[in-house]
Amino acid sequence: MHRHLTRSRPARRAALLGALVLTLGGHASADVSSWLTLAGGGSSVEWRGSPRSEQGAMLLETGMGSPPAGDVVVGGLFRTHTHFSRGTDVALLVRTATHGFANGGWGAAVDLGPYQRWWGREHAGWSGNLVLGAPWGLVLSVGGGVGDADATTYTASFGVDLARLTVYRRTGQSWWENPFPAYRPEEAGVPR
């Protein structure tokens, strides 16, 4: 019975964090930021008493945040991180991003929060990533996680954020016009 209770604690923490992220928003007077990323790369996983394994990995994430007009954009992110030939981790993260990142240009974001692993030595833990964003929705993500059972994970991936490429893109207008970007500073009288 004690083992069952300890397994449900991380799930309760993740649910509580998700509820907190959802209640942090202010009034809905502007568009929200959003992310939809597809990326591939590699990961390295190790548990106490087992050798480190390296494998290919795929990252899928989606989320929403505060309006893209802000200098700092904060939001929630749902991520699946598949370690090929091993299994998939699921995470609920808080993303803190720069204005440039949220609007499809140069910028950075930091993602922090709990994850759950149901493969190998089942456990929960904490994950963190630094995400560098470039124009055209390109993203480079590096990070890792630490969990129960002395699990450590290191990851690196490169991909494209489809929301930053389309709806939020404000760069490359001379090559590919974005007629209705989500953030239009000229309409708000804000020079950017």
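Can you sort Val110, Val167 so the residue with the fewest Cβ neighbours within 10 Å comes first? Don't skip to the answer; put the middle values down first.
On the way: Val110 15, Val167 19.
With the fewest neighbours first, Val110, Val167 line up as Val110, Val167.
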>> Using each residue's phi in the stretch 151-164, evaluate 6.51 cos²θ - 1.76 cosθ + 1.60 at θ = phi - 60° and report the 3J(HN,Hα) Karplus result to the nearest Hz, with x for Gly and Pro.
In response: 7, 10, 9, 10, 9, 8, 8, 9, x, 10, 9, 5, 5, 5
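Please compute the Kirkwood hydrodynamic radius over the stretch 25-120, one decimal place, Å, based on all pairs of different Cα atoms. The partial results should precede the final answer.
On the way: mean 1/r = 0.0677 Å⁻¹.
About 14.8 Å, per the Kirkwood formula over Cα pairs.
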> All other residues with a Cβ under 12 Å from the Cβ of Leu138 taken together, and with Lys, Arg as +1 and Asp, Glu as -1, what is their net charge?
Replying inline: +1
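Every number in this text was worked out from the coordinates using simple rules, so none of it is lab data. Values in this document were obtained by computation on a predicted structure and should not be read as measured data. When we count neighbours, we look across all protein chains shown, and the Cβ atoms used for this are built from the backbone with ideal geometry, even at glycine.
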